[in-house]
Amino acid sequence: MIAGPSSREEGKINQRFLVVRTDRIGDVVLSTPVLTAIKSSYPGAYVAMLVREYTREVVADHPDLDEVIIDDPNGCHRGFGLWRLASQLKEHRFDVALVLHPTFRLAFLCWLAGIPVRAGSGYRAYSFLFNRKIYQHRKNSGRHELDLNLEMAAGIGATIDRVQFKFHIPNQAEAKVADLAEQNGISDSRPFVVIHPGSGGSALDWPAEKFGQLADAIQKTLEIPVVITGTKVEGELIDRVQAAASSPVLRAEGIDGIKELAALLKRASLVVANSTGPLHIAVAVGTEVIGLYCPIAPCLPERWGPYHRPNSVIMPPVQLCEKCKPDRCEHGNCMELITVQQVFELAREKLNK
């Protein structure tokens, strides 16, 4: 249910919109269709998005976005620096702020910036700071995060008939990845598989050793090369994946930043990953995926899975739990119950298509 605007707010929704999403890569990817919804519903509107620095590349050069504004809560916008950011927003004279992932800080920021229409959740203690309230229970809704984001957008009159990600990859990123692939013996006509064993701690992960065994099975049985991707801090994890494989597994050396990663994922025939941002990037660029998901209620694929691809998800055969407590659980890390053979068979099925 959506609470309508007051008479003072009528007519405020016109030209200048700020979409606020300052959490992780996957969350931002799943918010980008909101930009298209606004542009489709308000032709000629000016749309900006407030994000963290490390997700800037996710939305950079999006065709339905006019400006990216950076929130730096641990640096120049920390503490009283919030007033500096509020002043910056005030200079933009936004008509509407849509806060997709609310916190008190962000709600206060939009109020402080004097944005006339401030749309956000109606179920928080600080919801009085929003004057356009959208009432939705996300946690146990059983609905996908992307669809919940679009419901929020509908609260300001922005809708679309068909979901589009419109993820932009620069030509130079495509060219660099093509060169790196060729240097490693992967031509345009040759399929390859990407595995991404990390998740940045966003969910319970499939063990690195099993990723290595999967890479072995794909390379030996299907004779398709496998490339491992990961962040700079995941070097040890990637080492463990490579050590578990008896055949050489390529490491995505030289890939720098989200755009180049997206270019690599776009070229792949299949991406196998835990619940993590790169999985959603792969979906956004149209690549086939397999997502490995844990049975913890806040992490379920119904909300966080690859969008509208229920046949691309594998979960361990255990009951759902509200919170993971490995020291008290009879399974320990239940993700170990997902077998290499399960994932390999699904991979083979998708690659055969």
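Restricting attention to the stretch 196-216, does a residue exist that is assigned by TED's automatic domain parsing to the domain that holds LEU320, polar (S, T, N, Q), part of a helix (DSSP H, G or I) and in contact with a strand residue (DSSP E or B) (Cβ under 8 Å, 6 or more places away or on another chain)?
Just the residues of the stretch 196-216 that are assigned by TED's automatic domain parsing to the domain that holds LEU320, to begin with: 196-216.
Subsequent filtering for residues that are polar (S, T, N, Q) retains 199, 202, 213.
From what's left, part of a helix (DSSP H, G or I): 213.
Next, only the ones that are in contact with a strand residue (DSSP E or B) (Cβ under 8 Å, 6 or more places away or on another chain) stay: none.
Scanning the stretch 196-216 turns up no residue that is assigned by TED's automatic domain parsing to the domain that holds LEU320, polar (S, T, N, Q), part of a helix (DSSP H, G or I) and in contact with a strand residue (DSSP E or B) (Cβ under 8 Å, 6 or more places away or on another chain).
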For this session: For ALA262, work out the one condition from (1) under 16 Å from GLN183 (Cβ atoms); (2) surrounded by 13 or more Cβ atoms within 10 Å (Cβ to Cβ) it doesn't fulfil.
Result: (1)
Problem set entry | Residues of the stretch 193-224 that turn out to be over 22 Å from GLY305 (Cα atoms) and surrounded by fewer than 21 Cβ atoms within 10 Å (Cβ to Cβ), as a count | 10
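If I filter the stretch 99-139 down to residues being among the aliphatic types (A, V, I, L, M) and either in a strand (DSSP E or B) or not assigned by TED's automatic domain parsing to the domain that holds VAL34 (or both), which single residue comes out as surrounded by the most Cβ atoms within 10 Å (Cβ to Cβ)?
We begin by selecting, within the stretch 99-139, every residue among the aliphatic types (A, V, I, L, M); these are 99-100, 106-107, 109, 112-113, 115, 117, 119, 125, 129, 134.
Still in the list and also either in a strand (DSSP E or B) or not assigned by TED's automatic domain parsing to the domain that holds VAL34 (or both): 99, 117, 119, 134.
On the way: VAL99: 24, VAL117: 22, ALA119: 30, ILE134: 25.
Among those residues, the one meeting the criterion is ALA119.
Among the listed residues VAL249, VAL272, which satisfies the condition of being of a type in the set (Val, Ile, Thr) and either within 20 Å of LYS176 (Cα to Cα) or modelled with pLDDT under 95 (or both)? Write out each step before concluding.
Values: VAL272 fails: either within 20 Å of LYS176 (Cα to Cα) or modelled with pLDDT under 95 (or both).
It is VAL249.
Pick from the stretch 165-205 the residues that are among the acidic types (Asp, Glu) and within 23 Å of VAL29 (Cα to Cα): which of them is modelled with the highest pLDDT?
Checked the stretch 165-205; the qualifying residue modelled with the highest pLDDT is GLU174.
Looking at ILE156, ILE186, ILE169, which is the one that is closer than 30 Å to GLU223 by Cα, touching a Phe, Trp or Tyr at 6+ places or on another chain (Cβ under 9 Å) and touching a residue at least 24 places away in the same chain (Cβ under 8 Å)?
Numbers: ILE156 fails: closer than 30 Å to GLU223 by Cα; ILE169 fails: touching a Phe, Trp or Tyr at 6+ places or on another chain (Cβ under 9 Å).
None of the others qualify; the one that does is ILE186.
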For this session: May I ask you to list pairs of residues, at least six apart or on different chains, whose Cβ atoms are under 6 Å apart, with the first in the stretch 104-123 being touching a residue at least 60 places away in the same chain (Cβ under 8 Å) and the second being in a strand (DSSP E or B)?
Result: LEU106/VAL20; LEU106/VAL99; CYS110/ALA97; CYS110/ARG118; ILE115/ALA97; VAL117/VAL96; VAL117/ARG132; GLY122/LYS133
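The values are calculated or read from the model by the stated rules, or taken from the named source; none is laboratory data. All figures in this text were calculated on a predicted structure; none of them were measured in a lab. For neighbour counting, all protein chains shown are included, and Cβ atoms are generated from backbone atoms with ideal geometry for every residue, glycine included.
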